[in-house]
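**Q** Sharing a structure here in structure tokens format.
FYI, it's all coordinate maths here, none of it is from the lab. Note that the structure is a prediction, hence the values are computed from the model and not measured. Here the Cβ is made from the backbone with ideal geometry for all residues, glycine too, and neighbour counts use every protein chain on show.
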Amino acid sequence: MLQRKGSERGKRRKKSFNREDIPLYFMALPTVIYLIIFCYLPMAGLIMAFQNFNVTKGIFQSPFVGLKNFQFLFSTTDAWIITRNTVCYNLVFIAVNLAISISLALMLSSLRWGTYAKVMQTTYMMPYFLSYAVVAIVANAFLHRDNGLINSLIRMSGGIGKTNWYHQQSIWPPLLVFVNAWKGVGYQTVLYLAVISGISVEYYEAAVLDGATKLQQARYITIPHLRYIVGISIILAMSSIFRGDFGLFYNVPMNQGMLYPVTDVIDTYIYRALTYLNNVGMSTAAGLYQSVVGFILVIIVNNIVNRIDPDSAMF
Amino acid sequence: MRKLWTNRAFLFLLVIVMIVPLFACTKPTATPEKPEETADLPEEKPDDSAKEDEEPEPKDELEFVTLDWYLGLSPMPDNQMVNDAVNEYLKEKVNANVNIHYWQSSDWETKMTTMISAGQDVGIIGFGSQSKLDYVVHSNLGSFYPLNDLLDEYGADTKALFPEEIWDCMKINGNIYGIPSLKDNCYIISIIYNADMAEALEIDMESVEYKNWRNIEPFLEEVLAKRTEKFPEYDEYPLCGGAFLEMPYNFAIETFLNDSFLVACNIDPFNDIAGYDDNTVFNLYATDEYREFCKSRQRMVEKNIFAYDYTDKSEWNYTGGMFAWVGWGYTYMEEHLYGDAFRTKMIVSDHIWTDTNNYFSAGTAISANCAEPERAMMILNLVNTDPEFATMMRFGIEGKHYIINDEGKMQFEGSERNGGDRADYGYYYWYAAPVGNLTIVNAPEYLTGPDGIMLKEMVRYNNEAVRPRHMGFVFDTEPVTNELAACTSVVMEYRDVLRNGQLGSAAEVDATVDEFNEKLKANGVDKIVAECQAQIDAWNASR
């Protein structure tokens with residue numbers, strides 16, 4: 001589907017209901033039921049964003065407070081900082097992860113020894129399955145002031161080695177980008193590798209005959225074929241651009257207050273501000289705000305992509 | 001056209017699917033009939049003569065029920081065994097069983113709030129700092145069942161444990177939502193010290209004028225110098241364990257919020273903060289005393305009186321190289337608190353006080369949607385008044401987890417499941433504040449002292465503790481929710497690094513404290529203080 005041209009899609013006739021498709025509908029049924037139960041039914045709970053929710057009164061009888069629950073997100077002096085951090089980190093994550101995962105996919109696809117390629121693919125994939133709590137402990141093993149590897153090496157080479165890395169704001173933006181890439185590129189690489197493996201070998205044979213180098217083959221054959229999946233990945237990533245990965249931004253910096261100016265995102269701020277208040281309405285309002293903004297951005301970006309390359313747009 | 005109608009039908013179905021849960025969520029629940037929200041309950045006492053004529057409902061006529069009971073205590077191997085024994089006891093007493101859930105604090109934070117918010121019947125639940133459920137917040141959220149009538153009818157013995165003044169403290173909008181645990185219900189702060197080291201360094205601890213951990217800095221510097229001279233091998237260890245909490249280790253103040261000191265009052269006669277009487281609300285973080293406290297902490301960390309970081313350093317306590325630790329709630333000190341390498345003794349501060357928040361720090365409540373609130377209250381009445389039940393909840397089964405020796409005293413040695421090292425015990429929950437009344441528990445002598453002196457002293461301190469002026473006042477944070485959320489975030493940003501003395505140098509303390517307070521001001525701390533003061537003035541006027 002991803003590689004059909006727009007003109008071909010336009011010519012495709014819509015089929016009427018076909019009895020032979022019934023097994024396919026049944027195969028899709030569990031997923032549809034899952035989506036309905038866990039994605040659509042809970043949407044009714046969004047009403048809590050406009051209520052002063054009371055457990056005893058429940059959703060239907062809790063008093064309506066309008067947009068009051070949304071105020072706390074904008075009334076803090078940190079509103080700009082948390083928004084900036086969230087959006088900028090996500091943009092950098094998208095760009096960096098895209099570049100690295102495509103490069104890895106190209107390299108893996110070029111490996112002649114299949115077993116080695118599979119081993120490397122598995123190795124890249126493994127960090128994806130670690131939780132950020134574990135990643136935070138691993139990072140702490142490097143960064144701990146007294147027992148961390150970095151300070152230990154500094155002391156071994158004659159330095160003082162007492163730097164508290166969890167108080168050094170300057171290292172954390174690149175560090176978080178690195179950790180996010182280390183954990184996430186393996187999964188995306190598999191995605192792009194799947195698309196690359198679907199490219200017809202004839203293109204590469206013809207290119208070789210024309211004297212194209214590996215780089216030229218990648219540039220003129222592989223990357224254009226990845227255009228569609230990259231476009232969809234970016235559009236989908238836009239829906240989460242106002243969401244910070246809580247595990248990454250809370251666990252890895254060990255919730256150090258000194259780092260908040262560079263590690264605090266919308267999700268961590270909400271958690272910290274509402275932990276004491278336990279206000280379900282305010283936390284729902286924050287989630288709704290993030291989802292609505294993400295939805296608007298998906299529409300806008302899809303329209304932009306549609307104008308540039310209609311075949312890459314999602315809808 | 002056909003496709004258009006198909007799409008419309010699908011969209012209509014989707015909207016119905018999203019709206020239906022709204023009606024499903026209005027299923028009738030066991031919503032308790034709350035008394036009207038008034039400031040005070042009727043003054044007249046219940047007619048006891050009528051009650052004496054009524055016979056309690058025979059337990060045989062009670063229908064058998066099972067309830068859940070959630071405790072913020074880490075699981076142990078024999079939880080199910082003890083649960084079965086508890087059920088045997090409860091079946092005989094009130095024809096009920098309980099499923100006791102032992103949850104670590106991380107589970108409480110993630111699961112319990114979700115369960116409560118979803119309206120689930122969670123039966124009996126602990127609240128307070130150990131249970132990670134704020135009493136005031138959850139009472140206002142409607143998470144708990146109002147206990148006013150239940151206490152009078154099924155919990156009279158429990159109600160008699162505390163004076164009426166304390167029950168007034170537990171009222172939120174006129175309703176009592178929780179039973180405080182009878183334990184150290186006041187702030188008993190102490191220095192626990194290494195008695196062997198004190199003797200070796202010729203330090204007369206009896207002459208130390210200890211009020212709080214701020215006023216003993218010169219004394220600790222003197223001890224550090226002596227330790228360095230006599231035991232240089234101990235220089236790698238800090239002199240003391242951490243004493244980072246502003247209150248109660250360093251300031252005797254009356255507080256109105258759970259985890260920050262944005263609003264507080266002095267306590268007469270201590271008056272730790274100059275320039276304020278005991279009826280004026282202040283923001284502790286903006287005071288000169290707080291600034292000096294931060295500088296003091298920074299100095300003491302730089303000198304190694306306190307460590308920069310105590311994470312994963314618990315083995316330091318057992319080396320004999322440290323001199324002192326902070327104690328909270330100790331009324332008796334066992335001779336070998338940190339192993340056999342050295343003896344431990346204690347000096348208790350003469351600043352003993354309580355406040356309303358203290359009674360919110362540990363207790364039990366009944367879930368708002370509990371199907372059997374009467375039975376839950378009967379069970380809570382038993383655990384707070386029956387020594388056998390209270391002991392079983394903490395120490396398990398006689399013979400299995402402890403034995404009664406020839407002198408009639410409890411001991412663990414010789415028991416089947418708790419005879420070895422503490423780390424291998426099958427069931428052991430000493431103190432266990434979320435369970436209930438501690439003073440009736442039968443415990444080994446090494447925990448409670450000869451003749452149970454620890455518990456007796458605890459009761460004495462409770463009775464003699466200084467009560468602040470606003471005992472019973474609860475700060476309604478609703479008018480300042482946004483400011484409180486913002487300021488709480490700011491407090492969490494700056495608090496730890498300042499109270500742990502983790503800045504780069506003492507020179508940074510002033511700048512950091514200034515930045516901290518500027519940010520608090522920008523996020524509305526003055527409005528929070530003003531609102532609290534207004535509520536206190538109204539509360540004073542109503543009394």
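**Q** With r defined as the distance between the Cβ atoms of residue B:469 and residue A:152 and R0 fixed at 45 Å, what FRET efficiency is calculated, to the nearest 0.05?
**A** Between residue B:469 and residue A:152 the formula returns 0.25.
**Q** Still on this structure, I have one more. Find the relative contact order for chain B and round it to a whole percent, using C-alpha pairs within less than 8 Å whose residues are 6+ positions apart.
**A** Values: 874 pairs, mean separation 114.2, N = 543.
Over chain B, the number comes to 21 percent.
**Q** If you don't mind, there's one more thing I want to ask. Given the Cα-Cα distance of residue B:510 and residue B:87 and 0.36 nm per residue of separation, how much length would full extension add, in nm? Working shown, then result.
**A** Values: separation 423, 0.36 × 423 = 152.28 nm, distance 5.82 nm.
In short, 146.5 nm is gained.
**Q** While we're looking at this one, here's another question. Straight-line reach from residue B:230: which aspartates and glutamates have Cα under 15 Å away, leaving out those fewer than 8 places along the same chain?
**A** Filter leaves B:196, B:199, B:202, B:221, B:222.
**Q** Also, I was wondering about something else. Whole-Hz ³J(HN,Hα) for each residue in region A:258-269, computed from phi via Karplus 6.51 cos²θ - 1.76 cosθ + 1.60 with θ = phi - 60°, x for glycine and proline: what do you get?
**A** 5, 9, 3, x, 10, 10, 6, 10, 4, 5, 5, 5
**Q** Right, next: Which entries of B:111/B:132; B:132/B:171; A:68/B:111 show an alpha-carbon separation above 18 angstrom in the structure shown?
**A** B:132/B:171; A:68/B:111
**Q** Per DSSP H run of at least 4 residues, take -39500 (n - 2.57); add these up for chain B, divide by its residues and hand me the 222 nm value, nearest 500 deg cm²/dmol.
**A** That calculation yields -11000 deg cm²/dmol at 222 nm.
**Q** Going down the table (B:345/B:456; B:91/B:456; B:226/B:303), which pairs top 21 Å between alpha carbons?
**A** B:91/B:456
**Q** While we're here: Principal axes first, then extents: for the Cα atoms of region A:77-312, list largest minus smallest coordinate on each axis, whole Å, largest first.
**A** In descending order, the Cα extents are 65, 52, 25 Å.
**Q** Say the dipole of region B:141-228 comes from +1 at the beta carbon of Lys and Arg and -1 at that of Asp and Glu; which of B:201, B:228, B:169 then lies farthest toward its positive end?
**A** Of B:201, B:228, B:169, it is B:169.
**Q** Can you give me the relative contact order of chain A as a percent, contacts being Cα pairs under 8 Å and 6 or more apart?
**A** Taking the mean separation of contacting Cα pairs over the length of chain A, I get 27 percent.
**Q** Pick out which of A:37, A:199, A:299 has the largest mean-square fluctuation in a Gaussian network model of chain A, springs linking Cα atoms closer than 10 Å.
**A** Among A:37, A:199, A:299, the largest mean-square fluctuation in the Gaussian network model of chain A belongs to A:37.
**Q** Which of A:113, A:253, A:230 sits farthest toward the positive end of the charge dipole of region A:77-312, with +1 on the Cβ of Lys and Arg and -1 on the Cβ of Asp and Glu?
**A** Working it through, the farthest residue towards the positive pole turns out to be A:253.
**Q** A follow-up question, please. To make sure I understand, if each residue's beta carbon is the centre and we count other beta carbons within 10 Å, what order do B:12, B:244 fall in, fewest to most?
**A** Ordered by Cβ neighbours within 10 Å, fewest first: B:12, B:244.
**Q** At R0 = 25 Å, how high is the FRET efficiency between residue B:200 and residue B:312 if r is their beta carbon distance? Nearest 0.05 is fine.
**A** Values: r = 28 Å, r/R0 = 1.13.
The formula returns an efficiency of 0.30 here.
**Q** Among B:119, B:97, B:108, whose Cα projects farthest towards the positive end of the dipole of region B:58-122, with charges put on the beta-carbon of Lys, Arg (+1) and Asp, Glu (-1)?
**A** Sorting the options by dipole projection puts first B:108.
**Q** When the dipole is taken about the Cα centre of the protein assembly as shown, and only Lys, Arg (+1) and Asp, Glu (-1) are charged at their Cβ, what size is it in debye, to the nearest 20? Mind showing how you got there, number by number?
**A** Working: 68 positive and 106 negative charges, 1482 e Å.
Its charge dipole is roughly 7120 debye.
**Q** So how strong a dipole does region A:77-312 carry about its Cα centre when Lys and Arg Cβ are +1 and Asp and Glu Cβ are -1, to the nearest 20 debye?
**A** Dipole magnitude for region A:77-312 comes out near 460 debye.
**Q** With N denoting the number of residues in the protein assembly as shown, provide Rg(C-alpha) divided by 2.2 N^0.38 Å, to two decimal places.
**A** 1.11
**Q** Another question, if that's okay. Among DSSP beta bridges whose residues both lie in chain B, state the antiparallel percentage, nearest 5.
**A** 70
**Q** Tell me which residues come under 5 Å, amide H to amide H, from residue B:66 once H is placed; ignore anything under 5 positions away on its chain.
**A** Correct list: B:97.
**Q** Identify the GluC sites (Glu not before Pro) of region B:187-266 meeting these criteria: DSSP loop state and at most 11 other C-beta atoms within 10 Å of the C-beta.
**A** Taking region B:187-266 and a limit of 11 other Cβ atoms within 10 Å, the loop GluC sites (Glu not before Pro) found are B:202, B:209, B:236.
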